[in-house]
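The values are calculated or read from the model by the stated rules, or taken from the named source; none is laboratory data. Treat the numbers as computed from the prediction; the structure is a model and nothing was measured. Accessible surface is based on the protein model in full, side chains and every heavy atom, while ligands, DNA and RNA are left aside. Shrake-Rupley method; radii C 1.70, N 1.55, O 1.52, S 1.80 Å.
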Amino acid sequence: MNCAREFMKRERGIEGIGVSLPGLVDPKTGMAHFIPHFKWRDWRVAEELRRATGLPVTVDNDANAAALAELWFGRQEVRQVRDFIMVLVEAGLGTGLVFDGQIYHGMVGAAGEFGHMTIGKGAPVACAAGSRECWEAFASERAALARYSKTMGREMAVTLPSEHWW
C-alpha cells in the first residue's frame, strides 16, 4: 500500500484505482475469492486499497479487463462487435465474456472461468490448481513452453509464479 501512496504523492489528479487479478474475483464486492497462481483466498482487495488511498477502487478478473480494453480501445472491427469471447493466454488461461457490449460476470464474478474446464488427460503441465486435465494445463503459456522444451530435447523448468511475488 505504501507504493500506492507514494505514487499518489508524485502524480496529481488520480481519480480511482483499477485492479485486474488472474482468478475468481467479484467486482460487485471487490473481493478476490481465489487467485490460484499466488494461493490468495478471500482477499478484500478493493476495501484494503480504498482504506489505504481514500480513492474508489474497481477490481475485476484479468481476462474481463482485457476484454473490456478490446471493446473500448481495440481495433475498429472489435469495437463494433457487441458479443465476443476474449481468450487470455498467460501463465494461466482465462476468458472474458462480452454480451451486448457489457462484461458478463455471472454469479460472484465466475463467468468465463473456462481455464479449469476438464478437456482431456495427461497435459504437459499442471494448472494452478494442480490438475493435468483442464484447458489451462493444455493451452497456457507454460504448457506451450513445456511442449517446446520437450520437442527441442531440453529439460526446462516451467513453473508458476512465486506465492510471494513482491
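For the range 110-115, the Karplus equation 6.51 cos²θ - 1.76 cosθ + 1.60, evaluated at θ = phi - 60°, returns couplings of 8, 5, x, 7, 7, x Hz by residue, with Gly and Pro reported as x.
Amide hydrogen proximity for F34: with H placed 1.01 Å from N in the peptide plane, the residues at 5 or more positions away or on another chain lying under 5 Å are L24, D42. Across the range 119-124, computed HN-Hα scalar couplings (Karplus, 6.51 cos²θ - 1.76 cosθ + 1.60, θ = phi - 60°) run 10, x, 10, x, 5, x Hz from first to last residue, x flagging Gly and Pro. Of the accessible area of the range 1-132, computed with a 1.4 Å probe over protein heavy atoms only, carbon and sulfur atoms account for 56 percent. Normalised by residue number, the volume inside the convex hull of the Cα atoms of the range 1-113 is 120 Å³ per residue.
Annotation: T29 carries an accessible surface of approximately 80 Å², with a 1.4 Å probe and no ligand, DNA or RNA atoms counted.
For K9, the aspartates and glutamates whose Cα falls under 20 Å of its own Cα, not counting residues fewer than eight places away in the same chain, are E48.
The residues of the range 55-97 have, on average, 52 Å² of accessible surface per residue, using a 1.4 Å probe with all protein chains present. The helix-based estimate of mean residue ellipticity at 222 nm for the chain, built from -39,500 (n - 2.57) per DSSP H run of four or more residues and divided by its residue count, is -8000 deg cm²/dmol to the nearest 500.
Accessible surface comparison of K121, K39, probe 1.4 Å, protein chains only, largest first: the order is K121, K39. Residues S140, S20, sorted by accessible area with the largest first, give S20, S140 [1.4 Å probe; ligands and nucleic acids excluded]. Going Cα to Cα from K150, which aspartates and glutamates come in below 15 Å? Please leave out same-chain ones fewer than 8 positions away. Filter leaves E141.
Over the C-alpha atoms of the range 40-166, the Rg to Rh ratio, Rh being the Kirkwood estimate, stands at 1.03. For I119, the residues 5 or more places off, or on other chains, whose built amide H falls under 5 Å of its own are C134, W135. Checking the cross-link filter: which lysines have an alpha carbon closer than 27 Å to that of K28, excluding same-chain neighbours under 8 positions apart? Within the straight-line cut-off, K28 pairs with K39. Derived scalar couplings between HN and Hα for the range 25-40 equal 10, 9, x, 5, 9, x, 9, 8, 6, 7, 10, x, 5, 10, 6, 8 Hz in order, rounded to whole Hz, by the Karplus curve 6.51 cos²θ - 1.76 cosθ + 1.60 (θ = phi - 60°), x for Gly and Pro.
Proximity of backbone amide H atoms, modeled 1.01 Å from N, is registered between L21 and D60, N61, D62 at under 5 Å, excluding neighbours fewer than 5 places apart on the same chain.
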